[in-house]
Amino acid sequence: MNSQLAEALARLPAYLGGHVAVSATALILGLAISLPLALIAMRRPGLRNLLLGAASVVQTIPSLALLALFYPLLLGLAALCERMFGVGFSALGFLPSVLALTLYSMLPVLRNTITGLDGVEPAIKEAALGVGMTQRQSLVMVELPLALPVIMAGIRTAAIWVIGAATLSTPIGQTSLGNYIFTGLQTQNWVFVLFGCAAAAVFALAVDQLLALMEIGQTRRKRTWVGAGGLGLALLTIGALVPTLSQPRATYAIGTKPFAEQYVLASLIEQRLRDEGLSATIREGLGSSVIFNALRAGEIDAYVDYSGTIWTNQMHRSDVKPRAEVLAEMAAWLEREHRIKMLGGLGFENAYAMAMPRARAQALGIRTLADLAGRAQNLSIAGDYEFFGRPEWAAVRMTYGISFREQRQMQPEFMYSAVANGNVDVIAGYTSDGRIAQFNLVVLDDPRHAIPPYDAVLLISPQRVNDAALVSALQPLVDAIGVTMMREANLRASGDRNASPGEAARWLWNEIQKKR
Amino acid sequence: MSVAPVISFENVSKSYGGAAPVLDRVSLDVREREFLAIVGPSGSGKTTLLRLVNRLIDPSAGTVRVEGQDVQSVDAVTLRRRIGYVFQGVGLFPHMTVAENIAITPKLLGWDEAQMSARVDTLLELVRLDRARHRDRFPSQLSGGEGQRVGVARAIAAEPKIVLMDEPFGALDPLTRDAIGEDYRRLHDELGLTSVMITHDMLEALLLADRIAVIRAGRIVADGTPHALMNGDQDHYVRELMATPRRQAERLRALSDRAP
């Protein structure tokens, strides 16, 4: 508990820094766009309805989806820009997060500015003209100050929304307080999850209260209050950004998908690089399709993927071949199509596998998927959010003619205990998951090879292909990790064993060296 | 009588869309230092007439002149800064103090702080408000009468020659109304102002103004001194308007005659 809290605190400067950078930029940008836009729209009813309508539509898009949509969009733009002007930009992380959050912040500011200005009594506006103000002076000296409380309420809402939604920028590669939440969920580290939520909430409340202080100061004419609020916001921002900015930029970026094994392997890579005197940062929790594109575009330098994923998702193959053939064909394809280097397999598979409690399997006489097919109509199955939409599932059903009484989608972390407790009968688990041994599950054989192999493979981005230092630092990992070893490391890294991914990675490296 | 009028309306009409015109070919002169009251029922066009002077509204036809110049040829903002305006229902800026409200037009004209501050003190005295008590209050902290005194002070702050008043004292209780009316009349004389006041209260007009114009359905139906209006042979509507104050006066006289 204490060590988890200490680890959470140690990561705070980096995570908070990223969070503040992205939310402050988005908020400032949002205000800079929305306020003038609202003023322009005030006197143009058509534009005003259009703007409010568009902003409302943006608001109905779930923030996670909005953030995710910006990545492919920017990736396309970056490629276009690179082709036309010879300079690209990073479509990962900061930029898509800022753009999505900016859009997200606009509705409350637009709506409240327009409503606030509308709410100023016509008699007061006429008096402003009557005493000799120009339209502009009337706006600045009378209408805006009178609408200020409503406008500020909009700004405060926007601030809270943006700070909250910024936690969701983690999957598109922006470090934020969301890293705690995503990592915590994947490794069952509830201290991390709670810490992330609490940190985001405290930050949002602090910003809200400082804005409130400025607002009250403005209406009560206490310059010092306005100053104190502004100073507080500035200090908060600078204080959060300094540790991040003052840190030297790491040479290498390593990507991870959002689950425990990936965090352990990324830590292992980072430690290997550090041992060789190289510096690396980890871009945590990237989505499955984001991470491959990020590697291809050189936004990350290395990561671990799985042969079956590349085979089906990138190469669009539906045939199943033996492990070695898949690896060889894949390496050639990656090199040819994307100039990505496959350094090699790590030595274990993390394939989808049907698993059930050993005792139950024995009692039912089930050893293979073929055995399962005869019983499945009375059984239920659980899989992760992806599984039932994947070609593997279709292949298993076609090959063995399996159909279950019920199928359920679950967060992978809860799947194993669900099957151990008998809430479901079978799960589509992962072969390298430590909980297979922990819960005494048995993995059912696939005699007809319906499920393609999922070898863990180390991929290097096109511009690092000839980086000898990187390659030699990572070479010792190739074919060095057996599935039992990986299961044990994964088990250590998920919640109940109290080890961080970093500690699990160190254990893994020790084991690798022992075996030499 | 050969002196050019300070404000003049020449065949001024104002209409919105196709409906009957709000003002129908109105011609009217206001002479220097004159206190003109424009009396008429709601919807008669009296407020429109007033707003044409400082270009809060532009005429559909005809010419409005201020100090001899066609207002259409003058910048509206500059024009408004040299004409005082007292608004119906006060119209003070709720987020500004009394002093800031009063000094608003001088501020727009670029006066310096010391000048404005001294002017605010003078004006508070002129409208009989207590400098210490009222200077830094906000409009919400004032009584109706105090608010309208501030409204008057704001109108004359930049030393205009012309003051327009749109039912300035309408919302006040009779005592306050009378006192402020009297005070304003005194200011009008002392400062040599030309004042145009809109009211629907004939008695108020009779007691304060030098001259009364009666407007009805967009046309001037009578124009003369209080004395002339009281005694002249008028059209039906004007007679009706005069009847009420006359009846009130007779009753009061009757009451005092009967006293022991």
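Read-outs: derived from the displayed coordinates by stated rules, not from any lab. What you are looking at is a predicted structure, and each value in this text was computed from that prediction instead of being measured. Cβ atoms come from the backbone with ideal geometry, glycine included; neighbour counts cover every protein chain shown.
The loop-placed GluC sites (Glu not before Pro) in region B:1-97, going by DSSP, that have at most 15 neighbouring Cβ atoms within 10 Å of their Cβ come out as B:32. Distance between the 7 Å Cα→Cβ label points at residue A:325 and residue A:465: 2.6 nm. The trypsin sites (Lys or Arg not before Pro) of region A:259-299 include none that meets both conditions, a loop assignment by DSSP and at most 14 other Cβ atoms within 10 Å of the site Cβ. Across region A:24-31, rounded Karplus estimates of 3J(HN,Hα) from the backbone phi angles (6.51 cos²θ - 1.76 cosθ + 1.60, θ = phi - 60°) give 5, 4, 4, 5, 5, 4, x, 5 Hz, Gly and Pro being marked x. Length gained on full extension, residue A:148 to residue A:80: 20.2 nm, using 0.36 nm per residue less the C-alpha separation.
Of all beta bridges that DSSP places with both ends in the protein assembly as shown, some 55 percent have antiparallel geometry.
Remark: A:366, A:160, A:427 ranked as A:160, A:366, A:427, counting other beta-carbon atoms within 10 Å and listing the fewest first. Note on B:106-112: average number of Cβ atoms from other chains within 10 Å of each residue's Cβ is 2. Rounded, prolate or oblate for chain B? Axes are the square roots of the Cα gyration tensor eigenvalues, ordered a ≥ b ≥ c, and the cut-off for rounded is a/c under 1.5. Since a/c reaches 1.5 but b/c is at least a/b, the shape of chain B is classed as oblate. 3J(HN,Hα) along region A:334-344: 4, 5, 6, 7, 10, 6, 8, 9, 8, 5, x Hz, from the Karplus curve 6.51 cos²θ - 1.76 cosθ + 1.60 with θ = phi - 60°, whole Hz, x for Gly and Pro. In terms of its alpha-carbon gyration tensor, the protein assembly as shown comes out prolate; a/c meets the 1.5 threshold, and the first ratio a/b outweighs b/c.
Across region B:28-64, the residues whose backbone nitrogen lies under 16 Å from the label position 7 Å along the beta-carbon direction of residue B:217 are B:40-46. Partner shielding of A:121-130 amounts to 6, given as the average count of beta-carbon atoms from other chains within 10 Å of each residue beta-carbon. Here is the list for region A:404-463: trypsin sites (Lys or Arg not before Pro) lying in DSSP coil, each with at most 12 other C-beta atoms within 10 angstrom of its C-beta, are A:405. Return the aspartates and glutamates within reach of residue A:125: Cα separation strictly under 12 angstrom, same-chain partners fewer than 8 residues apart disregarded; answer none if there are no such residues. Candidates past the 8-residue exclusion: A:143. With N as its number of residues, region A:128-198 has a Cα radius of gyration that, divided by 2.2 N^0.38 Å, comes to 1.93. With respect to chain A, whose longest principal axis is taken over its alpha-carbon atoms, helix A:223-246 is tilted by about 30°.
Here region A:2-246 is treated as an ellipsoid with the same Cα gyration tensor; its semi-axes, largest first and in whole Å, are 36, 24, 15.
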